[in-house]
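The values are calculated or read from the model by the stated rules, or taken from the named source; none is laboratory data. This one's a predicted model, so the numbers in the text were calculated from it and none came from an experiment. Positions of Cβ are generated from backbone atoms using ideal geometry, with glycine treated the same way; all protein chains shown enter the neighbour counts. Quick note on the areas: whole protein, heavy atoms, side chains included, nothing else; ligands and nucleic acids left out. Shrake-Rupley method; radii C 1.70, N 1.55, O 1.52, S 1.80 Å.
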Amino acid sequence: MELFFIFIGAALINNYVLVQFLGMCPYFGVSKKTETALGMGFAVMFVMMLSSAITFLFYEYVLVPLNITYLRTVVFILIIASIVQFVEVFMKKMLTSLYAMLGVYLPLITTNCAIFGVALINIQNRYSIEGYSFIDSIVSSFGAGAGFTLAMLLLAGIREKYENNPDVPEIFNGFPLALFSAGLMSIAFMGFLGLI
């Protein structure tokens, strides 16, 4: 039951995009179509879970015993960049059409602050009152990735619906309407704050 609450907390209550405002670049850049939003969401979810697991273990079994925890930022970024390179090579070989649609935003997962934020927050929760275990960190990362994917799909659906709508004034078409929609979605997600 505790793992369920961790998942819901990461996906809805503390949604990294709509509540904590991390990872906004791919959120606005790739959310024009639901296919690309779903592909990016799954790529971010995979990288988030894998990088969180590896950084947790590396921090716990290498940095802490050697008393070099001050290197965690550099180490975490290197781990995330390596995983993103793996995902990019895999998508280039196996999912070429999705790779072409994601374009420059796929390598930008490396600098996606939501992924780095999840890794840091899981380490922070490990040494706080919550006392996250390895499994708790994986579930939290999965929830954060699911919340990211949900936010991307919701915005992509809204943007597709209003793309060619003649009732929308031309000045609001494109990014202004996406920004306004994201703001309203953020307000809606703030309603989950009292859930748990």
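For the chain, the longest principal axis of the C-alpha atoms and the axis of helix 72-94 are separated by about 50°.
Of LEU22, MET185, LEU66, which is farthest along the charge dipole of the chain in the positive direction, counting Lys and Arg as +1 and Asp and Glu as -1 at C-beta? Value: LEU66.
For LYS32, the aspartates and glutamates whose Cα falls under 13 Å of its own Cα, not counting residues fewer than eight places away in the same chain, are GLU160, GLU163.
On the protein heavy atoms, probe 1.4 angstrom, tell me the percent of accessible surface of the chain carried by carbon and sulfur.
Working: 7150 of 10220 Å².
Carbon-and-sulfur percentage of accessible area, whole number: 70.
Once the 1.4 Å probe is applied to the protein heavy atoms, the chain comes out at 52 Å² accessible per residue. Only the Cβ atoms of Lys and Arg (+1) and of Asp and Glu (-1) were treated as charged; on that basis the dipole of the chain about its Cα centre amounts to roughly 300 debye.
Listed by chain and number, the aspartates and glutamates whose C-alpha is less than 18 Å from the C-alpha of LYS93, apart from same-chain residues fewer than 8 away, amount to an empty set. Give me log10 I(q)/I(0) at q = 0.17, 0.26, 0.27 Å⁻¹ for the stretch 62-130, Debye formula, one equal scatterer per alpha-carbon, no solvent. Scattering profile of the stretch 62-130, log10 relative to I(0): -0.71, -1.13, -1.18. Evaluating kT/(6 pi eta Rh) at 20 °C and 1.002 mPa s, with the Kirkwood radius of the chain over Cα pairs in the Stokes-Einstein relation, gives 123 µm² s⁻¹. The angle between the Cα long axis of helix 113-126 and the longest principal axis of the Cα atoms of the chain comes to about 40 degrees, rounded to the nearest 10.
Counting helices only, and only those DSSP H runs with n ≥ 4, report the 222 nm mean residue ellipticity of the chain as the sum of -39,500 (n - 2.57) divided by its residues, in deg cm²/dmol to the nearest 500.
Values: 8 runs with 127 residues, N = 196.
Helix-only estimate at 222 nm: -21500 deg cm²/dmol.
Angle of helix 175-190 to the longest C-alpha principal axis of the chain, folded into 0 to 90 degrees and rounded to 10: 50°.
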